[in-house]
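Peer 1: This is the structure I want to talk about, given as structure tokens.
Just so it is clear, none of the values below were taken in a lab; they were calculated from the coordinates. Bear in mind the structure is a predicted one, so any value in this text is a computation, not a measurement. Positions of Cβ are backbone-derived with ideal geometry, glycine not excepted, and every protein chain shown enters the neighbour counts.
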Amino acid sequence: MSFFEEADATGIIEDHIKQVLNLEDDQQQEILKQYKNVRRELVERLSNLPRGRFTAQHLRGVLAQVEGAIGAMTEGLNGDMIKGSEIAALKGVNHLIEEINIFDKKFTGAITPINLNAALLAHDTSKLLVTRYRTNLDAYGSNLFAQISNGLFSASMGETTNDEVVGRISSFFNGEEWKLRRIVRTELHGLYNRGKIAGMQEIADEIPDMMKTLMHPLDARTGEDSKYAAMKHLVADMEKPFQYSWQGQVRTFMVPPDRPNDRSVMVPYRREWGSANSAAFLPMGSNKY
């Protein structure tokens with residue numbers, strides 16, 4: 001059996017993937033709760049607008065309320081995001097240690113001592129990456145406000161009623177939920193895998209032959225590109241990117257996700273773990289395409 005079949009048979013990677021996906025789902029629910037509360041409060045306030053046509057006189061007041069609501073939402077989302085980021089990075093480091101121990105014992109019969117302060121490493125990792133997460137959430141809020149502002153301006157120039165404006169704003173918030181879900185899923189998935197690579201870099205002196213590979217959840221949600229990447233059994237040196245060609249485009253990335261909705265996870269790999277099938281597991285640069 002190959003390394004991938006043996007590793008899959010342990011069940012450890014499947015369990016870790018489930019934990020990561022569950023964390024992402026939980027974080028989405030927490031953030032969406034904040035999002036829905038803001039939408040509900042905004043709609044309730046706007047429902048007090050007088051009956052009749054939405055005019056330019058109403059525009060400034062409504063814009064101020066929308067801007068205030070989105071600002072409050074973004075601030076709340078950032079608070080939830082910081083907590084989720086540290087949890088994701090810590091899971092990455094802890095899963096790395098567990099995977100190395102299990103694979104070492106399975107493939108070599110011995111366990112390499114690992115000296116890692118998982119909590120400190122996860123904190124430092126999330127601190128470095130949380131700015132990008134916050135930037136994406138802030139951009140999401142700014143985009144919401146810009147689109148609603150444009151819609152309100154158009155409404156004030158037409159024959160739209162106040163009730164219709166409130167309904168449109170509520171529907172627009174509902175329609176934008178998926179973007180927020182995608183941001184949460186993508187950023188947390190990246191934080192988890194960045195936690196792993198940070199752990200690998202920290203123990204490079206202890207395990208100098210450490211490399212990285214990918215495992216992919218295969219179910220009804222798995223895209224064809226992910227199925228293809230799974231068949232490639234990509235392996236890369238720790239400091240080098242993964243790379244493969246899909247539909248004429250070369251994808252290059254250090255850690256997953258390399259695109260929105262990519263659910264693959266990075267897994268530690270040592271050449272001796274796959275020594276029985278060494279021809280199939282060459283470092284990146286040998287089996288790119």
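Peer 1: Filtering segment 88-128 down to residues that are in a helix (DSSP H, G or I) and among the hydroxyl-bearing types (Ser, Thr, Tyr), which residue is surrounded by the fewest Cβ atoms within 10 Å (Cβ to Cβ)?
Peer 2: The first filter runs over segment 88-128 and keeps only residues in a helix (DSSP H, G or I), leaving 88-108, 118-128.
From what's left, among the hydroxyl-bearing types (Ser, Thr, Tyr): 108, 125-126.
Details: Thr108: 13, Thr125: 25, Ser126: 25.
Filtering first and then ranking leaves Thr108.
Peer 1: For residues in segment 184-230 being of a type in the set (A, V, I, L, M, F, W, C) and in a strand (DSSP E or B), which is nearest to Ile97 (Cα to Cα)? Step through it out loud before you land on a result.
Peer 2: As a first pass, look at segment 184-230 and keep what is of a type in the set (A, V, I, L, M, F, W, C): 184, 188, 191, 197-198, 200, 203-204, 207, 210-211, 214-215, 218, 220, 229-230.
Now narrow it down to the ones that are in a strand (DSSP E or B): 210-211, 214-215.
Working: Met210: 12, Met211: 14, Leu214: 16, Met215: 16 Å.
Here the residue is Met210.
Peer 1: Also: Would you check if Thr10 is out of contact with any strand residue (DSSP E or B) (no Cβ under 7 Å at 6 or more places or on another chain), under 27 Å from Thr213 (Cβ atoms), among the hydroxyl-bearing types (Ser, Thr, Tyr) and surrounded by fewer than 16 Cβ atoms within 10 Å (Cβ to Cβ)? Lay out the reasoning, then the answer.
Peer 2: Working: out of contact with any strand residue (DSSP E or B) (no Cβ under 7 Å at 6 or more places or on another chain): yes; under 27 Å from Thr213 (Cβ atoms): yes; among the hydroxyl-bearing types (Ser, Thr, Tyr): yes; surrounded by fewer than 16 Cβ atoms within 10 Å (Cβ to Cβ): yes.
Yes: the conditions hold for Thr10.
Peer 1: Right, here's the next one. How many residues are closer than 28 Å to Lys179 by Cβ and surrounded by 13 or more Cβ atoms within 10 Å (Cβ to Cβ) if we restrict to segment 219-251?
Peer 2: Step one: of segment 219-251, the residues closer than 28 Å to Lys179 by Cβ are 219-230, 241-242, 244, 246-251.
Okay, now just the ones that are also surrounded by 13 or more Cβ atoms within 10 Å (Cβ to Cβ), so 222-223, 225-226, 228-230, 241-242, 244, 246, 251.
Looking only at that region, the number is 12.
Peer 1: Just name the residue that is nearest to the chain's Cα centre (by Cα) out of those in segment 252-266 that are buried (at least 21 other Cβ atoms within 10 Å of the Cβ) and part of a strand (DSSP E or B).
Peer 2: Val265
Peer 1: Go over the candidates Val20, Val38 one by one and state the one that is surrounded by 13 or more Cβ atoms within 10 Å (Cβ to Cβ), closer than 30 Å to Asp104 by Cα and β-branched (Val, Ile, Thr).
Peer 2: Among Val20, Val38, only Val20 is surrounded by 13 or more Cβ atoms within 10 Å (Cβ to Cβ), closer than 30 Å to Asp104 by Cα and β-branched (Val, Ile, Thr).
Peer 1: Residues that are within 15 Å of the chain's Cα centre (by Cα), surrounded by 15 or more Cβ atoms within 10 Å (Cβ to Cβ) and either more than 25 Å from Asn37 (Cβ to Cβ) or among the β-branched types (Val, Ile, Thr) (or both): does segment 176-185 have at least one?
Peer 2: yes
Peer 1: Let me ask something additional. Do any residues in segment 220-239 that are touching a residue at least 24 places away in the same chain (Cβ under 8 Å) have Cβ atoms under 6 Å from those of residues that are surrounded by 14 or more Cβ atoms within 10 Å (Cβ to Cβ) and among the basic types (Lys, Arg), where the two are at least six apart or on different chains, and which pairs are they?
Peer 2: As it stands, the answer is Ala236/Lys212; Met238/Lys212, since those pairs meet every condition given.
Peer 1: Pull up segment 112-146, narrow it to residues that are of a type in the set (Phe, Trp, Tyr) and in contact with a Gly (Cβ under 9 Å, 6 or more places away or on another chain), then point me to the one that is nearest to Pro257 (Cα to Cα). Write out each step before concluding.
Peer 2: Filtering segment 112-146 for residues of a type in the set (Phe, Trp, Tyr) gives 133, 140, 145.
Of the ones still in play, those that are also in contact with a Gly (Cβ under 9 Å, 6 or more places away or on another chain) are 133, 145.
Numbers: Tyr133: 14, Phe145: 28 Å.
Selected residue: Tyr133.
Peer 1: Quick check on segment 59-82. Is at least one of its residues assigned to a helix (DSSP H, G or I), closer than 20 Å to Glu24 by Cα and among the small types (Gly, Ala, Ser)?
Peer 2: Let us first name the residues in segment 59-82 that are assigned to a helix (DSSP H, G or I), namely 59-82.
If we keep only those that are closer than 20 Å to Glu24 by Cα too, we end up with 73-82.
Then keep just the ones that are among the small types (Gly, Ala, Ser); that gives 76, 79.
Yes, that holds for at least one residue.
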